[in-house]
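Enquirer: Got a structure for you, questions after.
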Amino acid sequence: MDAAQIQQVRRFNRTVTQRVGVLHDHYLGQDRPVGEARLLWEIGEQGQDVRQLRERLGLDSGYVSRLLRSLETAGLVTVEPHPQDRRVRSVRLTATGRTERAALDTRSDELAASLLEPLNTAQRSRLTAAMAEVERLLTAATVTLDPVDPDHPDARHCLRSYYAELQERFDTGFDPAHSLLPDAGELRPPRGLLLVARLHGEPVGCAGLKLPPDAPAEIKRMWVAPRARGLGLGRRFLAELEARAADHGRTVLRLDTNKALTAAIGLYHSAGFHEVPAFNDELYAHHWFEKRIG
């Protein structure tokens with residue numbers, strides 16, 4: 001890791017925390033610190049599942065419980081068991097909580113305006129464009145890749161979404177029954193694996209790796225949710241699966257794809273894959289790729 005880059009990140013963090021006022025106990029002039037204010041904002045008008053709220057913010061359960069107790073004591077939220085599953089807790093804003101959230105919204109706008117006001121038009125454009133890029137990159141850095149069982153609910157969600165998208169994009173539609181889909185056993189160790197990408201705890205992509213004993217390793221069912229595209233997840237999936245295939249002693253990595261998936265085809269070329277003759281009879285494939293690895 002580059003030491004100069006680390007120091008730049010630290011300087012950036014210090015500047016931002018000071019400028020937006022998170023060092024003060026009374027964030028945005030309210031009678032609560034930034035942690036409570038942020039939680040109040042994230043709960044929103046519709047309320048939230050406490051577990052999902054915790055995962056989205058990346059906070060441990062004990063800290064979230066303390067924040068919620070403070071907000072509940074102040075009369076801003078109510079925390080109750082979910083009516084359909086008492087193991088799940090839901091949090092909602094009270095009328096007082098909604099009023100304070102509205103004030104928080106107004107003051108957040110005022111703070112944003114105060115950051116932009118001293119700058120000229122060109123500087124404002126540069127700052128907001130830089131912020132958008134930083135937001136995108138920081139979001140990408142929060143995505144996790146984890147091996148999961150193909151029958152895990154997150155894996156099943158991703159695969160269903162993947163099939164639905166192919167049905168819309170392929171000229172012929174897409175029927176999983178007519179495709180060379182790996183069965184669940186082919187995506188479980190030692191015959192393979194399935195990675196699921198999660199953003200704030202929610203599944204946003206998947207990619208499988210087949211490790212047959214008598215053939216090259218093969219990437220299958222790589223998909224990224226539309227809302228997570230532009231974060232570099234496709235390239236990250238490829239790199240992770242390549243590394244895992246190499247760890248298993250494989251020297252060749254293969255994949256096939258459909259002509260409609262032009263962005264994927266461009267990604268494979270840029271990642272070092274080259275086109276080869278068909279190595280299977282996949283009904284929906286028009287292009288076959290291979291890469292030497294390890």
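The values are calculated or read from the model by the stated rules, or taken from the named source; none is laboratory data. It should be emphasised that the depicted structure is a prediction, and the values quoted were computed from it without experimental measurement. A quick note on method: Cβ atoms are made from the backbone with ideal geometry, for glycine too, and the neighbour counts reach across all protein chains shown. Just the protein is used for accessible areas: all its heavy atoms, side chains included, with ligands, DNA and RNA removed. Shrake-Rupley method; radii C 1.70, N 1.55, O 1.52, S 1.80 Å.
Enquirer: Give 177, 164 a once-over and let me know the one that is without any contact (Cβ under 8 Å) to a residue 40 or more places away in the chain, over 17 Å from residue 198 (Cα atoms) and open to solvent by less than 80 Å² (accessible area, probe 1.4 Å). Spell out the reasoning first.
Expert: Working: 177 fails: open to solvent by less than 80 Å² (accessible area, probe 1.4 Å).
Of 177, 164, the one residue that is without any contact (Cβ under 8 Å) to a residue 40 or more places away in the chain, over 17 Å from residue 198 (Cα atoms) and open to solvent by less than 80 Å² (accessible area, probe 1.4 Å) is 164.
Enquirer: Six or more apart or on different chains, Cβ under 9 Å: which pairs go from a residue in segment 111-140 that's within 26 Å of residue 58 (Cα to Cα) to one that's in a helix (DSSP H, G or I) and of a type outside the set (D, E, K, R)? Could you list them?
Expert: Once the first residue is within 26 Å of residue 58 (Cα to Cα) and sits in segment 111-140, its partners that are in a helix (DSSP H, G or I) and of a type outside the set (D, E, K, R) give 111/28; 128/116; 134/12; 139/228; 140/228; 140/233.
Enquirer: Which of the residues that make up segment 235-254 are surrounded by 20 or more Cβ atoms within 10 Å (Cβ to Cβ) and either under 24 Å from the mean Cα position of the chain (by Cα) or on the phi > 0 side of the Ramachandran plot (or both)?
Expert: Result: 237, 238, 241, 242, 245.
Enquirer: Follow-up question, since we're still on this one. Restricting to segment 119-157, what's the tally of residues that are closer than 21 Å to residue 244 by Cβ and assigned to a helix (DSSP H, G or I)? Steps first, please.
Expert: Let us first name the residues in segment 119-157 that are closer than 21 Å to residue 244 by Cβ, namely 140-141, 143-152, 154-155.
Then drop every residue that is not assigned to a helix (DSSP H, G or I), which leaves 140-141, 154-155.
Within segment 119-157, residues that are closer than 21 Å to residue 244 by Cβ and assigned to a helix (DSSP H, G or I) number 4.
Enquirer: Could you grab me the full set of residues in segment 212-227 that are at pLDDT 95 or above and among the aliphatic types (A, V, I, L, M)?
Expert: Result: 217, 219, 222, 224, 225.
Enquirer: For residue 265, work out the one condition from (1) open to solvent by 40 Å² or more (accessible area, probe 1.4 Å); (2) over 30 Å from residue 58 (Cβ atoms); (3) of a type outside the set (S, T, N, Q) it doesn't fulfil.
Expert: Here residue 265 meets the rest and fails (1).
Enquirer: Sticking with this one: Residue 81 fails exactly one of the following numbered conditions: (1) within 29 Å of the chain's Cα centre (by Cα); (2) over 30 Å from residue 203 (Cβ atoms). What is the number of that condition?
Expert: Residue 81 satisfies all of (1) within 29 Å of the chain's Cα centre (by Cα); (2) over 30 Å from residue 203 (Cβ atoms) except (2).
Enquirer: Same structure, new question: Taking the criterion of being assigned to a loop (DSSP other than H, G, I, E, B) and at positive phi, would at least one residue in segment 178-193 satisfy it?
Expert: Step one: of segment 178-193, the residues assigned to a loop (DSSP other than H, G, I, E, B) are 179-183, 188-191.
Adding the requirement that they be at positive phi leaves none.
Among the residues of segment 178-193, not one is assigned to a loop (DSSP other than H, G, I, E, B) and at positive phi, which makes the answer no.
Enquirer: When you check residue 94 against the structure, is it of a type in the set (S, T, N, Q), without any contact (Cβ under 8 Å) to a residue 40 or more places away in the chain and open to solvent by less than 50 Å² (accessible area, probe 1.4 Å), yes or no? I'd like the intermediate steps shown before the answer.
Expert: On the way: of a type in the set (S, T, N, Q): yes; without any contact (Cβ under 8 Å) to a residue 40 or more places away in the chain: yes; open to solvent by less than 50 Å² (accessible area, probe 1.4 Å): yes.
When the stated conditions are applied, residue 94 passes them.
Enquirer: Out of (1) open to solvent by less than 40 Å² (accessible area, probe 1.4 Å); (2) more than 22 Å from residue 57 (Cα to Cα); (3) in contact (Cβ under 8 Å) with a residue 40 or more places away in the chain, the odd one out for residue 201 is which?
Expert: That leaves (2) as the condition not met.
Enquirer: I'm trying to understand the selection: among the residues of segment 129-151, which are open to solvent by less than 70 Å² (accessible area, probe 1.4 Å) and either of a type outside the set (Ser, Thr, Tyr) or modelled with pLDDT of 95 or more (or both)? Before you say what the answer is, go through the steps one by one.
Expert: Looking only at segment 129-151, we keep the residues that are open to solvent by less than 70 Å² (accessible area, probe 1.4 Å), and these are 129-130, 132, 134, 139-140, 142-146, 148-150.
129, 130, 132, 134, 140, 143, 144, 145, 146, 148, 149, 150 - these are the residues of segment 129-151 that are open to solvent by less than 70 Å² (accessible area, probe 1.4 Å) and either of a type outside the set (Ser, Thr, Tyr) or modelled with pLDDT of 95 or more (or both).
Enquirer: Now a separate question. Which condition number does residue 31 fail, the rest of (1) open to solvent by 80 Å² or more (accessible area, probe 1.4 Å); (2) modelled with pLDDT of 90 or more; (3) under 21 Å from residue 95 (Cβ atoms) being met?
Expert: If we test residue 31 against (1) open to solvent by 80 Å² or more (accessible area, probe 1.4 Å); (2) modelled with pLDDT of 90 or more; (3) under 21 Å from residue 95 (Cβ atoms), just (2) comes out false.
Okay, residues lined up against (1) within 18 Å of residue 148 (Cα to Cα); (2) touching a residue at least 60 places away in the same chain (Cβ under 8 Å); (3) of a type outside the set (Lys, Arg); (4) not in a strand (DSSP E or B):
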residue: 219; (1), (2), (3), (4): yes, no, yes, no
residue: 223; (1), (2), (3), (4): yes, yes, yes, no
residue: 227; (1), (2), (3), (4): no, no, no, yes
residue: 237; (1), (2), (3), (4): yes, yes, yes, yes
residue: 249; (1), (2), (3), (4): no, no, yes, yes
residue: 283; (1), (2), (3), (4): no, yes, yes, yes
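Enquirer: For residues that are among the basic types (Lys, Arg) and in a strand (DSSP E or B), scanning just segment 85-115, find the one that is modelled with the highest pLDDT.
Expert: Residues of segment 85-115 that are among the basic types (Lys, Arg), as a first pass: 86-87, 89, 92, 98, 101, 107.
Subsequent filtering for residues that are in a strand (DSSP E or B) retains 86-87, 89, 92.
Details: 86: 72, 87: 78, 89: 88, 92: 94.
Going through the qualifying residues, I end up with 92.
Enquirer: While we're looking at this one, here's another question. What do you reckon, is residue 264 assigned to a helix (DSSP H, G or I) and over 21 Å from the mean Cα position of the chain (by Cα)? So that I can check it myself, show each step before the final result.
Expert: Details: assigned to a helix (DSSP H, G or I): yes; over 21 Å from the mean Cα position of the chain (by Cα): no.
Judged against the criteria, residue 264 is not a match.
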